[in-house]
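**Q** Got a structure for you, questions after.
Nothing in this text is a laboratory measurement; each read-out follows from the coordinates by a stated rule. Remember, it's a predicted structure, so these values are computed and weren't measured experimentally. For neighbour counting, all protein chains shown are included, and Cβ atoms are generated from backbone atoms with ideal geometry for every residue, glycine included.
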Amino acid sequence: MRHVASLLAVFVLALAAPAFAQTKKPAPPKTPQYGHWGPSGYHLVRTIPIPGNNSYDGMEFDPVRRRLFVAHGVHVVVLNPDTEKIVGDITHTLGVHSILLVPSLGRGYITDGQTNDVTIFDLDTLKVLGVAPTADEPYAIVYDPVTKRIFTMNHRSSTVTAIDAVTGNIIGDIALDGQPTGGVADGKGHIYVNSESTSEELEINSKKLIIMNRWPMSPCIEPSGLSMDIKRRLLFAGCHNDRMGILNADTGQVMAAPAAGSHAGVSRFDPVTQYAFSANDDGTLTIVIEAANERFNVVENVETERGTRTMALDPTYHEVFLVTAQYEPAAKTPGAQLQIVPGTVHVLVYGRDYKYR
């Protein structure tokens, strides 16, 4: 009898085993093809090749039309980052640096560094509408909605050119006594400009075309990209000495300068995630957040690829777009610049997947 009872117990446990197995916690998803998820949640989700043998520079994203604009030497490639298909091309933009989109006017603007002008185009058709001259080597470009003017940061001439965004007429130039790099508008009639050669932040009155304030940025040296949290009145500047300078836009006070990647390029701010980004040439994407009142923390230095110094941001899905290329082995000659391998320019798309955080 005792032997029969033991057999019955084994039989009951065998029947119950599948039920117990079904209640076990499912295994976590496998690590994706590209990298891993860090504290920010950002990881590489896809790579999009850009055909052609030209170099690369600035980027901008149109969330309404789902178009990504990529500066590609002598033209601007327009692609849909969702389908990974090229949907347009804006030609004859020699030495293109930056792209600005102004949806309220239905227009886009491109700084052409070799010809010292701005190409104006229609956002829907991508047709070129005209060209506006600037001072030497226009680099960054911003739009001020108060005056409906665009402002180009002219690196070689150390000036800012103001242009009527509707007519394309030149309003005037502002002498800076320093080489400008990044710029941003606060929507209230103020333009903020990084002066790279003097390591200063300049506040410009967009209507009077005068410098209102000139603030030292130490310990931030040679600021490059610039973005802004308009609501909290904070400026985020990528610095060439491996820091991100954070300033009060009203007083010029340097609030913090956390460590960042090397050779910072473009900076962006996402008002939804509250992340400030710096795209760095060393192959990192620095992400900073205000952890508490006037205290800023580095969330993560996301690993990207060497040369990712420019970026664009999708405000809808919060994807980050970076562009780079493969490079030839470094030359042994001191000071020699790295050379791009022809036909290797590509866009890197970084996203967040909340399911795996």
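**Q** What is the packing order of peptides 95-105, 68-78, taking the mean over residues of other C-beta atoms within 10 Å and listing the highest first? List each step's numbers first, then the result.
**A** Values: 95-105: 19.8, 68-78: 23.0.
Ranked by mean Cβ neighbours within 10 Å, highest first: 68-78, 95-105.
**Q** While we're looking at this one, here's another question. Going by average Cβ neighbours within 10 Å, how do the peptides 58-64, 212-218, 124-130, 261-267 rank, with the highest at the top?
**A** Working: 58-64: 18.9, 212-218: 15.6, 124-130: 12.4, 261-267: 24.1.
Top of the packing list down: 261-267, 58-64, 212-218, 124-130.
**Q** Near the amide H of residue 157, under 5 Å away, which other amide H atoms are found, from residues 5 or more places off or on another chain, if H is placed in the peptide plane?
**A** 136
**Q** In sequence order, what are the phi-derived ³J(HN,Hα) couplings for the stretch 170-184 according to the Karplus relation 6.51 cos²θ - 1.76 cosθ + 1.60 with θ = phi - 60°, rounded to whole Hz, with x for glycine and proline?
**A** Running phi through 6.51 cos²θ - 1.76 cosθ + 1.60 with θ = phi - 60° gives 6, 8, x, 10, 10, 7, 10, 6, x, 7, x, 10, x, x, 7 Hz.
**Q** Which net charge results when you count Lys and Arg as +1 and Asp and Glu as -1 among the other residues whose beta-carbon is under 14 Å from that of residue 85? Please report the intermediate quantities before stating the final value.
**A** Details: positive: 46, 65, 66, 67; negative: 82, 84, 89.
Every neighbour counted, the sum reads +1.
**Q** Where is the GNM fluctuation largest for the chain (alpha-carbon springs, 10 angstrom cutoff): 275, 327, 192?
**A** 327
**Q** Hey, could you get me the Stokes-Einstein D for the stretch 94-166, Kirkwood radius over alpha-carbon pairs, 10 °C and 1.306 mPa s, rounded to whole µm² s⁻¹? Mind showing how you got there, number by number?
**A** Working: Rh = 11.9 Å.
Answer, rounded: 134 µm²/s.
**Q** Let me know the Rg and Dmax you get for the chain when you use only its Cα atoms, in Å.
**A** Calculated on Cα positions, Rg and Dmax stand at 24.7, 105 Å.
**Q** Quick one: net charge around residue 213, please, counting Lys, Arg +1 and Asp, Glu -1 for every other residue with C-beta under 15 Å from its C-beta.
**A** Details: positive: 188, 208, 214, 233; negative: 177, 186, 200, 201, 203, 250.
So the surrounding residues net to -2.
**Q** How large is Rg/Rh for the stretch 144-192, to two decimals, with Cα atoms and a Kirkwood Rh? Don't skip to the end; give the middle numbers.
**A** Numbers: Rg = 10.6 Å, Rh = 11.1 Å.
Reported Rg/Rh (Cα atoms, Kirkwood Rh): 0.96.
**Q** Using every Cα-Cα pair within the stretch 65-203, state what percent have a distance larger than 25 Å. Display every interim value, and only then the final one.
**A** Values: 2240 of 9591 pairs.
Here the long-distance tail beyond 25 Å is 23 percent of all Cα pairs in the stretch 65-203.
**Q** Assuming a strict under-16 Å limit between Cα atoms, what lysine pair count do you get for the chain once near-sequence pairs (fewer than 8 apart, same chain) are dropped?
**A** Details: 25/355; 30/355; 148/188; 148/207; 148/208; 188/207; 188/208; 188/231.
Value for the chain: 8.
**Q** Gaussian network model of the chain, Cα springs within a sub-10 Å range: biggest mean-square fluctuation belongs to which of 179, 253, 337?
**A** Ranking 179, 253, 337 by mean-square fluctuation puts 337 first.
**Q** Summing Lys, Arg as +1 and Asp, Glu as -1, what charge do residues with Cβ under 14 Å from the Cβ of residue 350 carry, residue 350 excluded?
**A** Numbers: positive: 46, 268, 352; negative: 270, 300, 303, 305, 314, 319, 353.
Net local charge, residue 350 excluded: -4.
**Q** Place a +1 charge on the Cβ of each Lys and Arg in the stretch 278-333 and a -1 charge on the Cβ of each Asp and Glu, then give the dipole magnitude about the Cα centre in debye, rounded to the nearest 20. Intermediate results must be reported in sequence, preceding the final value.
**A** Numbers: 4 positive and 10 negative charges, 42 e Å.
Dipole of the stretch 278-333, to the nearest 20 debye: 200 debye.
**Q** Then there is this: Would you mind classifying the stretch 60-108 by shape? Square roots of the alpha carbon gyration tensor eigenvalues, ordered a ≥ b ≥ c; an a/c under 1.5 is rounded, otherwise it is prolate if a/b is larger than b/c and oblate if not.
**A** Working: a/c = 2.19, a/b = 1.16, b/c = 1.88.
Verdict is oblate for the stretch 60-108.
**Q** Next question, about the same structure. From the Cα trace of the stretch 194-345, what convex hull volume per residue do you get, rounded to a whole Å³? Could you put the intermediate results ahead of the total?
**A** Details: hull volume 21.9 nm³, N = 152.
Considering the Cα atoms of the stretch 194-345, their hull volume per residue is 144 Å³.
**Q** I've got another one for you. Given the -39500 (n - 2.57) contribution per DSSP H run of 4+ residues, what per-residue ellipticity at 222 nm results for the chain, rounded to the nearest 500 deg cm²/dmol? It would help to have the intermediate numbers written out before the result.
**A** Working: 1 runs with 21 residues, N = 357.
The per-residue figure over the chain is -2000 deg cm²/dmol.
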